[in-house]
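For reference, the structure is listed below as structure tokens.
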Amino acid sequence: MRDVVVVGASLAGVTAADALRLEGYDGSITLVGDELQPPYARPPLSKGVLAGTQSPESTLLPALGDDVVVRLGARASRLDLQQRSVVLDTGEALPFDGLVIASGARARSLGRPGQRGEHLLRTIDDALALRAGLEGRPSVVVVGAGFLGMETASTCRALGLDVTVVDREPPLHRVLGDYLARMLTEAALDSGVRIEITDGDAQLLGTDVRGVLLSDGRALDADIVVSAVGDLPNVEWLQDSALSCFGPLVVNERCMVAPGIVGAGDVVALCGAGGTRTPHWASAVEQAQAAASALLHGQAAPPLTPDRYFWTEQFGLDVRICGDLPVHGPPTIVEGSIAERTALLQWKTGDACIAAATVNHRMPITNLKRLAAPLNTAA
Amino acid sequence: MGEPVESRLGTETTPWRGFVRIEVDWSRCEGHGMCADVEPQLFQLDDEGQLQVHPDAAEVPEPLQRRAEAAVRRCPVAALRIEP
């Protein structure tokens with residue numbers, strides 16, 4: 001293998017490039033990203049960058065070495081499997097003998113054609129636009145009570161803004177399970193955020209968006225509406241190829257897709273995961289490492305055993321979680337207490353551990369992972 | 001599209017050679033341990049989950065630099081920097 005093309009210049013793509021070099025690959029690596037910004041970290045966007053306490057420049061990932069060609073503002077529009085090349089929207093073809101598909105995902109929008117002013121929060125430009133919009137001390141409606149929506153609401157509320165979160169389901173319930181979801185929801189309510197749960201999709205109101213219409217007929221006015229209603233994997237550029245898919249790109253346990261082609265990050269779902277993606281930082285890193293390894297070693301590469309680690313910070317709670325989520329029912333409280341707002345929690349089924357979480361509690365992440373390992377029986 | 005036109009965040013900087021130094025922004029570090037996963041010779045989390053940086057991080061020799069750079073790039077809160 002002499003020519004690797006990586007489609008996607010965010011964490012998964014960058015980590016794959018790093019991992020290829022760390023494993024001794026000395027051929028060419030070309031990293032293609034459609035954003036104009038150099039690779040950057042997204043977790044601070046809904047937190048420090050939105051709050052204005054962290055500069056957008058500080059989110060930049062330190063530059064890759066000069067042995068990686070980074071092509072910014074270059075969009076992959078087609079995969080040509082016969083020619084083994086990635087075709088850019090300029091028509092330029094980048095030939096490869098190894099391909100890493102890390103094209104990520106984009107924010108889903110609720111806006112209809114002609115509507116203006118809906119805010120999304122996926123890219124640095126999104127974050128800067130929203131931050132600018134917050135300067136006039138607007139009222140804010142956040143549609144979507146997942147991680148991104150709740151973190152955004154938390155930051156807006158900490159800025160002293162009037163914030164309402166709208167969703168069809170109780171906040172975070174589907175992703176975290178009842179216990180952790182309730183804990184975070186209570187923290188949100190305590191902070192003064194309003195939460196509106198109604199069936200059906202919310203609709204954005206106005207040509208210049210000025211609120212949302214709930215399915216029960218109520219209209220919520222807001223100066224700023226943020227849609228945090230999930231993301232869509234960027235797979236359209238694969239649609240003329242044999243890798244065409246509607247949902248995420250499904251990769252095997254080594255993150256392989258086809259001979260010489262691997263995938264990682266928000267665009268992929270690991271087989272056996274029920275077709276669900278795990279669009280979290282640690283997942284992108286471990287998938288990118290596995291993908292790089294598979295590209296170099298094929299079936300001899302070790303299969304990926306996901307750490308299943310992720311975290312969220314909102315409403316004064318720093319929650320780190322490892323394991324199979326959502327997890328339902330009360331945990332064993334290993335240390336601390338929820339009332340004191342610092343705790344180490346563990347969930348078990350019989351003797352098997354299924355998940356562990358810390359709340360405002362620091363411990364080595366390896367220990368947290370151990371507490372969530374199925375064969376661990378120690379509390 | 002094609003070649004970059006303008007980046008809001010500036011352009012790529014050139015990489016380093018020779019000895020480099022790892023700088024930690026302690027106000028940002030949250031102890032997720034991504035760096036320690038890549039290069040435990042330089043980064044470790046102590047029993048309290050706080051990052052401990054090995055004294056070598058003040059002067060990382062070339063053989064370790066690639067791993068150090070990969071470790072720094074993996075930080076989710078941009079708490080690590082490499083300085084020449």
| task | List the residues whose amide H sits under 5 Å from the amide H of A:ILE354, counting only those 5 or more places along or on another chain, with H placed 1.01 Å from N in the peptide plane. | result | A:TRP347, A:LYS348, A:THR349
| note | The farthest towards the positive end of the charge dipole of the protein assembly as shown, of the residues B:ALA57, B:ALA36, A:PRO259, given +1 on Cβ of Lys and Arg and -1 on Cβ of Asp and Glu, is A:PRO259
| task | Work through the residues other than A:ARG78 whose Cβ is under 15 Å from its Cβ and net out their charges, Lys, Arg +1 and Asp, Glu -1. | result | -4
| query | Where the centroid of each part is defined by its Cα atoms, how far is the stretch A:157-216 from the stretch A:253-325 in Å? | reply | 29 Å
| field | Rh (Kirkwood; distinct C-alpha pairs) - the stretch A:308-365, Å | value | 11.6 Å
| Out of every Cα-Cα pair in the stretch A:108-242, what percent are more than 26 Å apart? | 22 percent
| said: Considering only C-alpha atoms, what is the centroid distance from the stretch A:57-116 to the stretch B:22-84, in Å? | reply: 28 Å
| remark: Label model pair A:ARG116, A:SER191: point-to-point distance (7 angstrom along the Cα→beta-carbon line) in nm is 3.1 nm
| field | Only Lys, Arg (+1) and Asp, Glu (-1) charged, at Cβ; the protein assembly as shown dipole about Cα centre in debye | value | 460 debye
| task | Starting with the fewest neighbours, write out A:VAL5, A:VAL165, A:VAL235 ranked by other beta-carbon atoms found within 10 Å of each beta-carbon. | result | A:VAL235, A:VAL5, A:VAL165
| With Rg and the Kirkwood Rh both taken from Cα atoms, where does Rg over Rh land for the protein assembly as shown? | 0.95
| field | Percentage, to the nearest whole number, of Cα pairs in the stretch A:269-371 over 21 Å apart | value | 42 percent
| query | Want the number for A:GLU253 to A:LEU213: 0.36 nm per residue separation, take away the alpha-carbon distance, what's left? | reply | 10.1 nm
| message | Run the helix sum for the protein assembly as shown: -39,500 (n - 2.57) per DSSP H stretch of 4+ residues, divided by residue count, reported at 222 nm to the nearest 500 deg cm²/dmol. | response | -6000 deg cm²/dmol
| field | Antiparallel content of DSSP bridges confined to the protein assembly as shown, in %, to 5 | value | 60 percent
| query | From a point 7 Å beyond the Cα of A:ALA129 in the direction of its Cβ, which residues of the stretch A:217-236 have a backbone N at a distance under 17 Å? | reply | A:223-232
| query | Expressed in nm to one decimal, what extension gain is obtained for the pair A:GLU340 and A:ALA300 from 0.36 nm per residue of sequence separation less their Cα-Cα distance? | reply | 9.5 nm
| field | Residue-count net charge about B:GLU59 - beta-carbon cut-off 12 Å; Lys, Arg +1, Asp, Glu -1 | value | -2
| request: Would you tally the net charge around A:SER58, using a Cβ to Cβ cut-off of less than 9 Å, leaving A:SER58 out, and scoring K and R as +1, D and E as -1? | output: -1
| query | How high is the relative contact order of the stretch A:194-330, in percent, counting Cα pairs under 8 Å that sit 6 or more residues apart? | reply | 13 percent
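Here, each number is a calculation from the coordinates, and none is a lab measurement. Given the structure is predicted, the values throughout are model-derived calculations rather than measurements. When we count neighbours, we look across all protein chains shown, and the Cβ atoms used for this are built from the backbone with ideal geometry, even at glycine.
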